[in-house]
Amino acid sequence: MTPEERHQQMVERNKRICDYYVAGHSLKECSSHFRLGRQRTQQILEAGGVWKPYVKSNRTSHFRATITDETRAALEAKAKANGVSMSKFASDVLDAAVADAVVNE
């Protein structure tokens, strides 16, 4: 394989990593999925211009819900089918439910 071909493969891989992250996957999920270290993955995301560093908010409480193992497994399956993290999937569903409730008031 020529150096140009290796470089092109790396560019394509880095694009896939950035796309995966933008789809809602965490840094940890990206690192694991692409079998890279956390620091290298973050460097790729920064170079791609998509890295969103964690910013601590001033919230004083957390939204917590107790769900069954079956519900958790179903959420994980739905999120995976949609190509996003479970957190992003759940957030999108909740946002849509609130928007629908506001429209129907």
Compute the Rg/Rh shape ratio of the chain: radius of gyration over Kirkwood radius, all on alpha-carbon atoms.
-> 1.08
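Would you mind counting up the charge near E46? Only other residues with Cβ under 12 Å from its Cβ, with Lys and Arg at +1 and Asp and Glu at -1. List each step's numbers first, then the result.
Working: positive: R40, K52; negative: none.
Value of the local net charge: +2.
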Equivalent ellipsoid dimensions for region 1-53 as semi-axes, Å, which come from the Cα gyration tensor, largest first = 20, 11, 10
Using alpha-carbon pairs under 8 Å, 6+ residues apart, how would you state the relative contact order of the chain in percent?
-> 24
With 0.36 nm assigned to each residue of separation and the Cα-Cα distance removed, Q39 to A97 gains 17.2 nm
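Report, in debye and to the nearest 20, how large the dipole of the chain comes out about its Cα centre when Lys and Arg carry +1 and Asp and Glu carry -1 on their Cβ.
Details: 16 positive and 13 negative charges, 109 e Å.
With Lys and Arg at +1 and Asp and Glu at -1, about 520 debye.
Restricting to Cα pairs below 8 Å that are 6+ residues apart, what does the relative contact order work out to for region 1-53? Please round to a whole percent. It would help to have the intermediate numbers written out before the result.
Working: 29 pairs, mean separation 19.2, N = 53.
About 36 percent, as a whole number.
No lab work stands behind these numbers, since they all come straight from the coordinates. This structure is a prediction, so every number in the text was calculated from the model and none was measured. No Cβ is skipped: glycine too gets one built from the backbone with ideal geometry, and neighbour counts run over all protein chains shown.
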